[in-house]
Amino acid sequence: MARRPLPDLQETREILARRRSRPAPRPPPPAGRALNKLIRDLDARFGQGPGALQARWREIVGEQIARRTEPVKLVKGRNGAGAALEIRVAGPAAALIQHQAPEILSRVNLFLGAGAVERLRIVQGPLRPLAPTPAQTPRRRPAPLDAAQEAELRDSLAQAPDGPLKAALLALGRGVLRGGARR
C-alpha cells in the first residue's frame, strides 16, 4: 500500500473552504443559575419547613413557650388545606399550651406566611435541651494570682526573651496555677 501524501498549504485551504466546521458547543450555564428557577418554584410550593421553625422557635413563640415546647413536624393538608404543626410539649404544660394555641398559630403564620398552618397538634414527650443564650451564661473572670505566685512565675520565665512566646507562657502558667486546667 502506498501512503497518501499530505496536502500542501494551498490544497489544505481549499479543503477547509469546502467543508463547514461545526461550531464549538456552548458551555453549560452555572449550576446556581440553572437551579435558581427550580428552587424558587419549590419554595413557593412547599415553603419553609420545620427546620426553619426549629432554628428560630425561640424567636417565633417567645422564651416562655420555647422552654416548654419544640416543633416536631409540619404536615401538609390535603387538597390545598392548611398544614398542621405538631409540637412536642413537656409533660403537664400541655394544658397551658393548649390554651395558648391561637397565639402560637398566629405567630407561626406570621413567620411562615398567612394561612400556612391551620391546626396545632400537641404531643407530650421529653424535649431536647435548649442551647443557652449568651445572656444566660455570663463569663466569669478568673481570680488573679496572689503576689507571691505571680512573682514566682515571672522569675521562672526571666530567662525567656520578651515577645509573644513569653506572653503565652505567662498566660499558660497563670491558668495552671489558678487551677483552670482541671478536668
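Points worth noting:
- Karplus-derived 3J(HN,Hα) values for segment 96-110, using 6.51 cos²θ - 1.76 cosθ + 1.60 with θ = phi - 60°, are 5, 5, 4, 6, 9, 4, x, 5, 5, 4, 5, 5, 5, 5, 5 Hz; glycine and proline are entered as x.
- Matching label, log10 I(q)/I(0) by the Debye sum over Cα atoms at q = 0.14, 0.15 Å⁻¹ computed from the structure shown, candidates (i) -0.93, -1.04; (ii) -0.79, -0.91; (iii) -0.90, -0.95: (iii)
- Take 27-39, 114-126 and order them by the average number of nearby Cβ atoms within 10 Å per residue, most first; the result is 114-126, 27-39.
- Inverse of mean 1/r across different Cα pairs in segment 46-124, Kirkwood, Å: 12.4 Å
- Against the chain, whose longest principal axis comes from its Cα atoms, helix 31-46 is set at around 60 degrees.
- Less than 5 angstrom separates the built amide H of Val117 from those of Ala83, all sequence-distant by 5 or more or on a different chain.
- Ala168 sits among other residues whose Cβ lies under 15 Å from its own Cβ, and their net charge, with Lys and Arg +1 and Asp and Glu -1, is +2.
- Sorting the segments 9-15, 165-171 by their mean number of nearby beta carbons within 10 angstrom, highest to lowest, gives 165-171, 9-15.
- Structure-based [θ]222 nm, the chain - -39500 (n - 2.57) summed over DSSP H runs of at least 4, per residue, nearest 500: -13500 deg cm²/dmol
Bear in mind that the values in this text are calculations on the coordinates, not laboratory data. Everything quoted here is computed from the prediction, not taken from an experiment. Note that we place each Cβ from the backbone using ideal geometry, even for glycine, and neighbour counts take in every protein chain shown.
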